[in-house]
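Visitor: Before we start, here is the structure in question, set down as C-alpha cells.
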Amino acid sequence: MYESTATCNVNYWVMSVTPKRILAANDIIEATCRVFKITKQALLSKCRDRYLVRARNICITVIKDKLHMALTDIGKLFNRDHTTVIHALRTVENDLSVPAYRQEINEQINAVIQLL
C-alpha cells in the first residue's frame, strides 16, 4: 500500500522546552518590592509616603496591564477601594505625560516587568 519514504531520527519529545509559568499578582507585588527595595508589608500598608505611593501605583499599573484584572479585585489585593485603583492608574498616566517624570517611571515599570 502506502509506504513512508521519509525517515526522521529526531525525537521531538526529548526537546527541552521550559513550560511558561503562569503570572500571578503576587509575583508582580514581589517584583515591585525588589525594584523599590521595600517590604511587602510596606507596599500593602496604609502609609502614604511618596516613595511607597509611587511603588504602589506602579505595581497597580503593571497588574492591570499584565493580568487584566478587574479594578475591584486589584483593590482587594491592596485592601483598598476600586476608586483608589482608578486614581493610581490615572496618576501614573498623568506622570507619564510629564517629560520630567516619564523616563524614571518607564525605567521603574520596565524593571518590574523584567523581574517577572
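We did not get these values from a lab; they are worked out from the coordinates using the rules stated. Note that the coordinates shown come from a computational prediction; the quantities given were computed from them, not determined experimentally. In this analysis, Cβ positions are derived from the backbone assuming ideal geometry, glycine residues included, and neighbour counts consider all displayed protein chains.
Visitor: Suppose R0 equals 35 Å. What FRET efficiency, 1/(1 + (r/R0)^6) with r the Cβ-Cβ distance, do Asp27 and Ala100 give to the nearest 0.05?
Guide: Approximately 0.70, to the nearest 0.05.
Visitor: What is the distance, in nm, between label points placed 7 Å from the Cα along the Cα-to-Cβ direction at Met69 and at Asp49?
Guide: 2.3
Visitor: Is the C-alpha gyration tensor of region 25-114 telling us rounded, prolate or oblate? Criteria: a/c under 1.5 is rounded; beyond that, a/b larger than b/c is prolate, otherwise oblate.
Guide: Rounded, since a/c falls under 1.5.
Visitor: If you take the beta carbon distance between Ile113 and Ala42 as r and set R0 to 25 Å, what does 1/(1 + (r/R0)^6) give as a FRET efficiency, to the nearest 0.05?
Guide: 0.75
Visitor: Further question: Checking the a/c ratio against 1.5 first, then a/b against b/c, what shape does the Cα gyration tensor give for region 61-116?
Guide: Since a/c reaches 1.5 but b/c is at least a/b, the shape of region 61-116 is classed as oblate.
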